[in-house]
Amino acid sequence: MNEGCNLFYCCIFPYLCTPNFMMYDMQKIRNIAIIAHVDHGKTTLVDKMLLAGHLFRENQQTGELILDSNDLERERGITILSKNVSITYKDYKINIIDTPGHADFGGEVERVLNMADGCLLLVDAFEGPMPQTRFVLQKALNLGLKPIVVINKVDKPNCRPDEVHEMVFDLMFNLDATEEQLDFPTIYGSAKQGWMSNDRKEPKEDIFALLDTIIEYIPAPKKLEGIPQMLITSLDYSSYVGRIAVGRVHRGELREGMDVALCKRDGSILKSHIKELHVFEGLGRTRIDKVSSGDICALVGIEGFEIGDTITDLQNPEPLDPIAIDEPTMSMVFTINDSPFFGKDGKYVTSRHIHDRLMRELDKNLALKVEKSEAADIWTVYGRGVLHLSILIETMRREGYELQVGQPRVIVKEIAAEKCEPVEQLTINLPDEYSGKIIDMVTRRKGELLSMERQGERVHMEFTIPSRGIIGLRNNVLTVSAGEAIMAHRFLEYQPWKGVIERRINGSIIAMETGTAFAYALDKLQDRGIFFIYPQEEVYAGQVVGENNKEGDLVVNVTKSKKLTNMRASGADDKIKLTPPVVFSLEEALEYIKEDEYVEVTPHYMRLRKIVLDENERKRLSKNS
């Protein structure tokens, strides 16, 4: 498949490909990472770079993004997994690393930035740099990467590129960028329209201005002679050869067929062998004999490696420092599906299946941690946020797994004998008329307003808020602002415990019996609250089917049907008019549930339920507590 990709690119883009990869020298390689906030056009820009501008636009007939190939990425419009691709331009090989823009995927960001010498900072010409931009940029600047600023979407009617340029400079200054980093070149353009220019008032017909700037400003990798060293920063998988180690050669030279030492994080050293050596070319990989320091490569045949391990010389092993990863801030309970509908929908349902899947995820998801609980069939999974964990759950359900997950909980630490919790920086951009309600909503969740800036008819607000307060906030903010709000957040630091935050006060409506929900029963119960199920949907006793208007849980019989008799009715029955049910996304369901509830996730269904299904058992436990 990879060879086919390379053949395709060499046929369609003859001047982008060279017949022999080995003709490159170190001065003609550029390693760049692309940094941007969610939906600022990062993946679209990389696709245009691969297509080399307007000359080949007709070849992109489908209009689909090449890099966001994961179904979840296409549906959500975000990058979850980093990718490695390369193009050849003017005899220069440009290795492009597409990084996730969301702070929840910081584990991905940490790894890929270690492979780059410079970065493209892509910002929206209206929104400017956002919190996730700041998160990744700070890590890039700390690594000493040279930035190029790309102000995208300058074709939008309400854009403000000059103000955004000033905002980017201020941001870099606040992040303690060096003088060399602050002297950054700026490119303006529209990735969607396929053009980039040094002057926003002079649109071009291609993106060559950006490629020329990359060659001119991004430094070539330094060629370091000596004992070979390569830090494994990513992995790939093939059903033919198994796990493939990906990373940048830091020093020396690696050759195919070479015996090497695998230095583990714990200090142990294992003997290993490089069966095949590949470099990235176009969308695929090309097999070669040797790779020198500075280039990014993939190694086949390395057994038992983990991300952060070092490949080095067998006789004189010299490991590199492992990658430092931000600690998880949130945890969630995973368990097997033990509901009455167990095994009806999924392919993988046992505890062994779930355990093996979580262990495999640890191989590539560096920001994730998994602990097996003493109780049977329960795992505590630690991650960077609700989105980070929900992506894992959504991926598992699409692979055919059935599981149940509990309420997200923040990780509390004791620092200097004081109880501390994670605090996040929250930014909300919305129309001015809704600002008062939003400030009230955030402060009720222990948030503190830091700044408030008017931008035309909109207001940009910054808060600090406990991570606990973020849970369930997005849905409420969008409801209050009629869907107009743009909300983003990133982890800041651990601070002393902020006190009790009120979560959902209303109780749950719980099904009394297992069976089919009837419109007749739902119609009679509509005044009790809102429902989450449709008529004719199968339910079981203990399933949460709605939200009570009042405090406390309410057990109802939604399977009750109208009794039929042979007596004629005196008048026609009234037509049943049901309010449409509330349908949750996975993140909304995780944020909605209470401590005594689970979200049951199967390939085609998602249900809310009480952990204890039996009503009498729940009453007994509540009395004892």
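Some notes on this structure:
- Residue check: M332 meets all listed conditions (1) on the phi > 0 side of the Ramachandran plot; (2) touching a Gly at 6+ places or on another chain (Cβ under 8 Å) but one, namely (1).
- Filter result for F342 (touching a residue at least 24 places away in the same chain (Cβ under 8 Å), part of a loop (DSSP other than H, G, I, E, B), open to solvent by 20 Å² or more (accessible area, probe 1.4 Å) and aromatic (F, W, Y)): yes
- Some residue of region 130-145 being within 19 Å of T44 (Cα to Cα), of a type in the set (D, E, K, R) and within 22 Å of the chain's Cα centre (by Cα): no
- In region 487-503, residue most open to solvent (accessible area, probe 1.4 Å) [restricted to those that are hydrophobic (A, V, I, L, M, F, W, C) and touching a helix residue (DSSP H, G or I) at 6+ places or on another chain (Cβ under 7 Å)]: F491
- The residues on offer are E306, E256, and the sole one that is over 30 Å from D91 (Cα atoms), charged (D, E, K, R) and out of contact with any helix residue (DSSP H, G or I) (no Cβ under 6 Å at 6 or more places or on another chain) is E306.
- Scan of region 191-209 for residues that are in a strand (DSSP E or B) and touching a residue at least 40 places away in the same chain (Cβ under 8 Å), ordered by number: W195, M196
- Within region 345-365, tally of residues that are free of Cβ contacts under 8 Å to residues at least 24 places away in the same chain and in a loop (DSSP other than H, G, I, E, B): 1
Per-residue answers, yes or no, for (1) open to solvent by less than 50 Å² (accessible area, probe 1.4 Å); (2) of a type outside the set (F, W, Y); (3) not in a helix (DSSP H, G or I):
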| position | (1), (2), (3) |
| --- | --- |
| Q181 | yes, yes, no |
| F184 | yes, no, yes |
| G189 | yes, yes, yes |
| L211 | yes, yes, no |
| E216 | no, yes, no |
| P221 | yes, yes, yes |
| I227 | yes, yes, yes |
| R243 | no, yes, yes |
| G247 | yes, yes, yes |
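- Candidate set: region 516-555, residues that are open to solvent by 20 Å² or more (accessible area, probe 1.4 Å), of a type in the set (A, V, I, L, M, F, W, C) and within 18 Å of R607 (Cα to Cα); chosen: the one farthest from the chain's Cα centre (by Cα): F518
- One residue from P185, P161, P147 being within 17 Å of L120 (Cβ to Cβ) and touching a Lys or Arg at 6+ places or on another chain (Cβ under 6 Å): P161
- Per this entry, E484 is counted among residues that are surrounded by fewer than 19 Cβ atoms within 10 Å (Cβ to Cβ), within 27 Å of V459 (Cα to Cα) and touching a Leu at 6+ places or on another chain (Cβ under 6 Å).
- Tabulated pairs, region 160-173, first under 17 Å from E453 (Cβ atoms), second part of a loop (DSSP other than H, G, I, E, B) and open to solvent by less than 60 Å² (accessible area, probe 1.4 Å), C-beta under 6 angstrom, 6+ apart or interchain: V164/A125; V164/G128; M167/G128; M167/P129; V168/P129; L171/P129
- Test: residue in region 366-384 that is open to solvent by 30 Å² or more (accessible area, probe 1.4 Å) and touching a residue at least 60 places away in the same chain (Cβ under 8 Å): yes
- Test: residue in region 504-515 that is open to solvent by 80 Å² or more (accessible area, probe 1.4 Å) and modelled with pLDDT under 90: yes
- Whichever residue in region 595-625 is of a type outside the set (S, T, Y), open to solvent by 70 Å² or more (accessible area, probe 1.4 Å) and touching a residue at least 60 places away in the same chain (Cβ under 8 Å) and, among such residues, is farthest from R398 (Cα to Cα): D614
- Residues in region 264-279 that are out of contact with any Leu (no Cβ under 8 Å at 6 or more places or on another chain), more than 10 Å from L299 (Cα to Cα) and either of a type outside the set (K, R) or crowded, with 16+ Cβ neighbours inside 10 Å (or both): D266, G267, S268.
- Candidates are the residues of region 594-625 that are closer than 26 Å to I471 by Cα and in a helix (DSSP H, G or I); the one that is modelled with the lowest pLDDT is S622.
- Within the set T380, T395, T335, the sole residue that is within 25 Å of R468 (Cα to Cα) and at pLDDT below 90 turns out to be T395.
- Of all residues making up region 283-333, the number that are small (G, A, S), part of a strand (DSSP E or B) and open to solvent by 10 Å² or more (accessible area, probe 1.4 Å): 2
- Residues that are touching a residue at least 40 places away in the same chain (Cβ under 8 Å) and either assigned to a loop (DSSP other than H, G, I, E, B) or hydroxyl-bearing (S, T, Y) (or both), drawn from region 249-265: G252, K264, R265
- Residue that is assigned to a helix (DSSP H, G or I), free of Cβ contacts under 8 Å to residues at least 60 places away in the same chain, open to solvent by 70 Å² or more (accessible area, probe 1.4 Å) and touching a helix residue (DSSP H, G or I) at 6+ places or on another chain (Cβ under 7 Å), where the choices are K446, K437: K437
Yes or no, residue by residue, for (1) more than 27 Å from D91 (Cβ to Cβ); (2) of a type in the set (V, I, T):
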{"residue": "I151", "(1), (2)": "yes, yes"}
{"residue": "E180", "(1), (2)": "no, no"}
{"residue": "D212", "(1), (2)": "no, no"}
{"residue": "I218", "(1), (2)": "no, yes"}
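- Any hit, region 196-208, residues being on the phi < 0 side of the Ramachandran plot, open to solvent by less than 50 Å² (accessible area, probe 1.4 Å) and over 31 Å from the mean Cα position of the chain (by Cα): no
- Residue within region 462-481 that is surrounded by fewer than 21 Cβ atoms within 10 Å (Cβ to Cβ) and basic (K, R) present: yes
The values are calculated or read from the model by the stated rules, or taken from the named source; none is laboratory data. These numbers come from a predicted model, not from an experiment. Please note: Cβ atoms are built from the backbone with ideal geometry, for glycine as well, and neighbour counts cover all protein chains shown. Heads up: the accessible areas ignore ligands, DNA and RNA and are worked out on the full protein's heavy atoms, side chains in. Shrake-Rupley method; radii C 1.70, N 1.55, O 1.52, S 1.80 Å.
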